[in-house]
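Below you'll find the structure, written out as structure tokens, and then a few comments.
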Amino acid sequence: MKHAIKLMAGAAIAVSLSACDNGKETEPTETTKTAKSETSEAFNKNPYPSTYKPYPSETVLLQGATVFDGIGNEYQNYDVLLKGGEIAEIGEGLEVDDDVEVVDASGKFVTPGIIDNHSHLGVYPSPGVSAHGDGNEASGPVTAEVWAEHGVWPQDPGFTRALAGGITSLQILPGSANLFGGRGVTVKNVLSRTVQGMKFPDAPYTLKMACGENPKRVYGYGNGGFPGGAPYSRMGNMAGYRNSWIKAADYKKKWDDWDPDSDEAAPARDLELDTLKGVLDGDILVHMHCYRADEMAQVIDMSKEFGYKVASFHHAVESYKIADKLAEENICSSMWADWYGFKMEAYDGIRENIPMVHNAGACAIVHSDSDVGIQRLNQEAAKALADGRRVGIDISKADAWTWLSSNPAKSLGIFDQTGSLEPGKDADVVVWSADPFSVYANAEKVYIDGALMFDADRPQKTPVTDFELGQPGEGDIK
Amino acid sequence: MIGKFTILATAASALVLGAIAQDIAIENAKLWDGSKLTEDATIVIRDGKVVAWDDGALPDGVEAIDAEGAWVTPGIIASFTQAGIVEVGAEDSTNDTVAPASPYSAALDMSDAFNPSAAMIDMTRLEGVTRIVVAPGISSSLIGGQGLVADTSGTPDSITKSKAFTYINLGEAGAGVSGGSRPAAWAKLRAALGDARTYPARYITSSDGDALNRIDAQAFSAAARGQQLILIGVSRASDIRQVIALTEQYPNLKIALVGAQEGWMVADELAAADIPVIIDPFDNLPSRFENLGATQKNARRLIEAGVKTAFYYSDDASHQARLTLQSAGNAVGSGVDFEDAMRAITSAPAEIFGLDGYGSLTTGSAGDLVIWDGDPLEVMSAPTRVFIDGEEQTMESRQTKLRDRYLDLDESEKPLAYRR
């Protein structure tokens, strides 16, 4: 019933929004209270704060490795010193006190931890039973009011498999049914009893938006029948976004114009518009599911129309067609190495997309969108790198590692904390058994904030989720 | 057992292609022929088949190719795919893998759908896959229909073996379309076996059996009598034991399993029952309750127990059948011996599907051969040349043409659409 109502309201977004107001929890009392406080913030922008604390770590010297630093450099026979949860130093022949643990990494490779900026772990966890489908608030085309972190099941066994693949941080996004799917959340890949215990400290919020087939399939011809709901077409998609941005601009103006020191009551809260206003304020980063080049160009124009910027286009299988434009606009593309053809907007996917985007000077990112793919993102980068080289795009392995760490970190607004092996940054580090561009390489040790969270040599020390306790295969090597 | 059936269609298609195949000799190859690795090897292919060669002077009329020490392997066999029966997964009009509204099940024959010109066929071949096992999906019945084996040449006669097997799903998917439970699926399967094993006698007076209509009973009768392979999708250890028990009840059935995530838990029983498995070495998540025991060690444990094991890539079995190689590489990363992994994507599927003369490069084998620019299981390697039945294949696809069009974005003279 609710579903049907939302679909009808979706036909005209303006109606939908005012209708939503009636059904949603607004808390005028609290707003008024806050308005009279000392702070200029009329409401709490971070009501579910991170409680993540780095786990205890030793000072560790990773000695004699081949190092990709995540910002384009490769060093042979290099040392990386982890101290106090941070990268303390990288260099040749570092000297340390006798009591410092030394890991012989000769013949091995050391890289920054991999950051997957497109995951649904926790919101579409394993096992994928219907009760676990918490990734799409499909009840309407505009659900900017929902937050992925409120759907994450922190016991998803997928987190442990991703850890074994060298994933140290990830963005968990709502699904792509909606024009505005809701807020994403960036987490450290450290199992916790609560989502708050995983949240990457001070990472900005993100907003998931979606182009193309999904919104129109879910709300238009797929669900609504004919004449069905809206959006029914790509035209309807664009109209839907624009209607919301107009609302958001108006909402933002109300808040900007409001003087907290005056006697005037604060504007009424609207959860949906809080998120969109956050984007227009530059506090929230837009991550947009968009396959086709022509649609990305439309979205870029729209972002200029309303005064915001897209951080990254996701699944951008056609970025190679407009790589020059993406470079000029300084927008990242989050891509698969070789997925194509499973839907019409993926039909023009090619294997050289990532290197061609990189080669044009644009920001290239390897993402997974998969609980399987997230475990082997290093191999995805390797495939793309090799395919690029075969057509004469000469990219070094060290440069290709930027697709896995620094570029995704930048797209998430966390590059000042992680994503490269630079002194002072979080010690999110992987020791690989061999060249991580080889299919035979495995992550041997994974450090997060300097704490050893995965050790292939000591499988008994690796985490087992609550769900897997007492089940077939508990604690088995996965 | 299963390895023994040879189907006439195989020989027929090889003859047709053989007539136009080149006679070639590949010299200086790092040859893995299916059982051993030989450096500086020479391999000769005449009339589309590998011929014995003793390293003397090459026979007349043979084109010599210097591999310069590169890897040469049999063409890869992707042992469970839906390539060629779907163009765009999400577009029903292009998707013949399932037929939810059809009254038929066992009679659904993928040979009626297979399109050798499907864009993905070229893309699959470019990655070194020369033969594909094409299986139906499961839609309205636990019996999906008849699968086939084809080559990836893109030519009209590329079906190697039609009706190579009947595909059945006894996992959660099969239960779901059988009325909603495992007992319902098993009741249906036993009834279907009864119908098909007594076809046509019981259909003299009625067109419907206990579980199958006349058409489906006819289609299922070969499998039910042990004359055709039954490929069973199944995951859970207890479900696998049920299948083993079925083969005890009907000893002449020829059965192989696909999925088998918990196969390692019953590896010894599978080996004893001589039931081969087709598994995805990536499978390590408890994605459903039926595969809580999934682990990347499945491959190694099954192979060590002596179970004939082939690999496939399950995440997108149509467009990404080409990732069968990456699956095998990851199996090696999880402890499987390199040669066992290679066998799992060449000779093992050939044996499971009764493809005599495929999946190896020994005398008499089909000239399905790939020259690589590196270790074939490495993700950074790719084929440089691909031969099917001795005939060299083009290394072009819709994807390479798109790539070449957009490598340079200069359209100052003409739109890019004029570039091809």
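Of the three principal axes defined by the Cα atoms of chain B, the extents in descending order read 64, 54, 43 Å.
Rolling a 1.4 angstrom probe over the range A:149-211 with all protein chains present gives an accessible area of which 49% lies on carbon and sulfur atoms.
Largest mean-square fluctuation among B:V51, B:V133, B:V72, in a Gaussian network model of chain B whose springs join Cα atoms under 10 Å apart, belongs to B:V51.
Shown for the range A:428-456: residues covered by the partner protein chains by 40 Å² or more of accessible area relative to the chain by itself (probe radius 1.4 Å), namely A:V439, A:Y440. The alpha-carbon positions of the range A:303-374 define a convex hull whose volume is 98 Å³ per residue. Remark: accessible area buried at the B-A interface is about 4500 Å², both chains counted, probe radius 1.4 Å. The stretch between B:D210 and B:S238 holds 7.5 nm of extra length on full extension. This uses 0.36 nm per residue minus the Cα-Cα distance. Quick one: check the C-alpha center-to-center distance for the range A:358-396 versus the range A:138-172, whole angstrom. Comparing the Cα centres of the range A:358-396 and the range A:138-172, I get a distance of 23 Å.
For a straight C-alpha distance cut-off of 23 angstrom, the lysines reachable from B:K163 (same-chain residues fewer than eight places away being disregarded) are B:K4, B:K188, B:K254, B:K308. Simple spin-label estimate for A:D416 and A:R390 gives 4.3 nm between the two label positions (7 Å along the Cα-to-Cβ direction from each Cα).
Using the alpha carbons alone, the radius of gyration of the range A:137-259 stands to its Kirkwood radius in an Rg to Rh ratio of 1.07.
How would you classify the range A:425-471 from its alpha-carbon gyration tensor, with a ≥ b ≥ c the square roots of the eigenvalues: rounded for a/c under 1.5, else prolate if a/b is greater than b/c, otherwise oblate? Oblate, since a/c reaches 1.5 and b/c is not below a/b. How much length is gained if the chain between A:D256 and A:K309 is pulled fully straight, taking 0.36 nm per residue apart and subtracting their Cα-Cα distance, in nm to one decimal? Fully extending the segment from A:D256 to A:K309 adds 17.1 nm.
Have a look at the DSSP beta bridges in chain A and tell me what percent are antiparallel, nearest 5. Once the DSSP bridges in chain A are tallied, antiparallel ones form about 55 percent.
Tell me, what is the FRET efficiency for B:A101 and A:Q76 to the nearest 0.05, using R0 = 56 angstrom and their Cβ-Cβ distance as r? Computed FRET efficiency for B:A101 and A:Q76 comes out at 0.35. The label-point distance for A:D202 and B:A57, in a model that sets each label 7 Å from Cα toward Cβ, rounds to 8.0 nm.
In a reduced charge model with +1 at each Lys and Arg Cβ and -1 at each Asp and Glu Cβ, chain A shows a dipole moment near 1860 debye about its Cα centre. Mean residue ellipticity at 222 nm from the helices of chain B, using -39,500 (n - 2.57) per DSSP H segment of n ≥ 4 over the full residue count, to the nearest 500 deg cm²/dmol? When only DSSP H runs of four or more count, the value is -7500 deg cm²/dmol. Scaled against the 2.2 N^0.38 Å expected of a compact globular protein of N residues, the Cα radius of gyration of the range B:152-203 reads 1.63. With one equal scatterer per alpha carbon and no solvent term, the Debye-computed log10 I(q)/I(0) for the range A:333-435 at 0.14 1/Å reads -0.56.
Annotation: average projected area of the range A:159-222 is 5.5 square nanometres, based on the convex hull of Cα atoms across all directions. Per residue, the protein assembly as shown exposes 37 Å² of accessible surface when a 1.4 Å probe is rolled over the protein heavy atoms with every protein chain present.
Taking amide H positions as modeled 1.01 Å from N, with prolines and chain starts lacking one, the residues under 5 Å from B:K49 and 5 or more places away or on another chain are B:G367. The residues neighbouring B:D55, those whose beta-carbon lies less than 13 Å from its own, together hold a net charge of -4 under the Lys/Arg +1, Asp/Glu -1 convention. In terms of the Cα gyration tensor, with a ≥ b ≥ c the square roots of its eigenvalues, is the range B:348-409 rounded because a/c is under 1.5, prolate because a/b exceeds b/c, or oblate? Since a/c reaches 1.5 and a/b is larger than b/c, the shape of the range B:348-409 is classed as prolate. Using the alpha-carbon atoms, what tilt in degrees (0 to 90, nearest 10) does helix A:271-280 show relative to the longest principal axis of chain A? It works out to around 60 degrees. With an a/c value of 1.5 or above and a/b larger than b/c for the gyration tensor axes a ≥ b ≥ c computed over the alpha-carbon atoms, the range A:255-393 is described as prolate.
The rule of thumb for compact globular proteins, 2.2 N^0.38 Å, goes into the C-alpha radius of gyration of chain A 1.00 times.
Computed in the context of the full set of protein chains, the accessible area of chain B at 1.4 Å probe radius has 49% of its extent on carbon or sulfur. Interface residues of the range B:256-285, defined as those losing at least 30 Å² of solvent-accessible heavy-atom surface relative to the isolated chain (probe radius 1.4 Å), are listed as B:F282, B:N284, B:L285. Go ahead and run the numbers for FRET between A:A297 and A:V102, Cβ-Cβ distance against an R0 of 56 Å, rounding to 0.05. It comes out at approximately 0.60. Any chance you could tell me what percent of the C-alpha pair distances in the range B:100-153 go past 14 Å? The share of Cα pairs beyond 14 Å in the range B:100-153 comes to 55 percent. The spread of Cα positions in the protein assembly as shown, taken along each principal axis and listed from longest to shortest, comes to 94, 76, 66 Å. A viscosity of 1.306 mPa s and a temperature of 10 °C, combined with the Kirkwood radius over C-alpha pairs in the Stokes-Einstein formula, give the range B:304-420 a diffusion coefficient of 95 µm²/s. One decimal place: the segment B:D373-B:R398 gains 6.8 nm when fully extended, by the rule 0.36 nm per residue minus the C-alpha distance. Under 15 Å Cα-Cα from A:K53, which aspartates and glutamates qualify once same-chain neighbours fewer than 8 residues away are excluded? Partners found: A:E86, A:D202, A:D426, A:D428, A:D449. In the protein assembly as shown, taking the dipole from charged Cβ atoms about the Cα centre, the farthest positive-side position among B:L355, A:A249, B:V62 is held by B:L355. Taking label positions 7 Å along the Cα-Cβ direction at both A:A239 and A:A268, the computed distance is 2.6 nm, reported to one decimal. With the biggest extent put first, the Cα atoms of the range B:57-214 measure 67, 37, 26 Å across the principal axes. Note on the range A:84-209: the alpha carbon radius of gyration divided by the globular reference 2.2 N^0.38 Å gives 1.32.
Residues of the range B:320-352 that bury at least 10 Å² of accessible area when the other protein chains are present, relative to the chain alone (probe 1.4 Å, heavy atoms, ligands and nucleic acids excluded): B:Q320, B:R322, B:L323, B:Q326, B:G329, B:N330, B:V332, B:G333. Expressed as a whole percent, the accessible area of the range A:292-331 that falls on carbon and sulfur atoms is 41 (1.4 Å probe).
The values are calculated or read from the model by the stated rules, or taken from the named source; none is laboratory data. In this text the structure is predicted, and so the values were computed from the model without any measurement. Note that we place each Cβ from the backbone using ideal geometry, even for glycine, and neighbour counts take in every protein chain shown. Note: accessible area is taken over every heavy atom of the protein model, side chains too, but ligands, DNA and RNA are not part of it. Shrake-Rupley method; radii C 1.70, N 1.55, O 1.52, S 1.80 Å.
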